[in-house]
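Have a look at the structure below, then the notes.
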């Protein structure tokens, strides 16, 4: 019987004690057994330290508390440094996993890929939908937009080799990392199962403040622009306009969007 590789689950958190408990419980319920949990408390001012202390008496949790808020990227980098696992699996403190997430992500892992993601259930208040992703997401695909989502399973070594999360970006740090991983280690695979539930409510304080999101997207675009074709750049600029809340007409849609993304953008325009 082969030995299961150790997988480190990294969770940055700030002022989310109620949601953090749900996230952690979803890790404790995983069918995959050889896990360690690394929680970085980014200077929480609520009951987060009390919650972590309580759960650490029952479960193997490595936790670090920062006295000054450093942000999501710095917290994730610290968690990766502390982690002992061969693989890293990230989880946001307001999201949670299905019980077989780690088991099924690892089942899809091959040495030809840089990471593995899954389908996500996106929850917006009373509305929800399933985000089904391509089976294989290439480096070229990622230069159009973040087709991976917010979390993956990947080797710890891979994250360290490409320099970790970029702490200079106020947002889009995950997207930026996926681009760098795919450029160096190959495409991202998708486990064709709904294995993560994503909280899309925007009325809660996040580690990355909402007013910095547009700046982060622009910085990420400029950082990787040298890798992009004219088609990538036109589509990125189209998406950036929407992020800024600008109205984009049908003519601009058909001029800016590559044919393979027509259905996606037409659906977004009509129903979202």
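Tabulated results
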| quantity | calculated |
| --- | --- |
| Directionally averaged shadow of the chain, computed from the convex hull of its alpha-carbon atoms, nm² | 14.5 |
| Antiparallel %, DSSP beta bridges [both residues in the stretch 99-248], to 5 | 45 |
| 0 to 90° range, to nearest 10: angle between helix 230-243 axis and the chain longest Cα axis | 70 |
| Overall dimensions of the stretch 221-272 by Cα: Rg and Dmax, Å | 11.2, 33 |
| Whole-number percent relative contact order across the stretch 7-212, with pairs defined as alpha carbons under 8 Å at least 6 apart | 26 |
| C-alpha center-to-center spacing [the stretch 215-260, the stretch 27-78] in angstrom | 36 |
| 0 to 90° range, to nearest 10: angle between helix 17-28 axis and the chain longest Cα axis | 80 |
| Where N is the number of residues in the stretch 1-45, Cα Rg divided by 2.2 N^0.38 Å | 1.36 |
| Principal-axis tilt of helix 213-224 within the chain, Cα atoms, nearest 10 degrees | 70 |
| Cβ-Cβ FRET estimate between residue 168 and residue 124, R0 fixed at 41 Å, reported to 0.05 | 0.85 |
| 97, 131, 250 arranged by Cβ crowding within 10 Å, fewest neighbours leading | 250, 131, 97 |
| Two-decimal ratio, the stretch 60-179, of alpha-carbon radius of gyration to 2.2 N^0.38 Å | 1.09 |
| Mean Cα-pair separation over length for the stretch 145-272, i.e. relative contact order, pairs under 8 Å, 6 or more apart, % | 21 |
| The chain, helix-only ellipticity at 222 nm - DSSP H runs n ≥ 4, -39,500 (n - 2.57), divided by all residues, nearest 500 | -11500 deg cm²/dmol |
| Shape metrics for the stretch 90-242, restricted to C-alpha atoms - Rg then Dmax, Å | 15.2, 42 |
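FYI, it's all coordinate maths here, none of it is from the lab. Note that this is a predicted model, so its numbers are computed, not measured. Note that we place each Cβ from the backbone using ideal geometry, even for glycine, and neighbour counts take in every protein chain shown.
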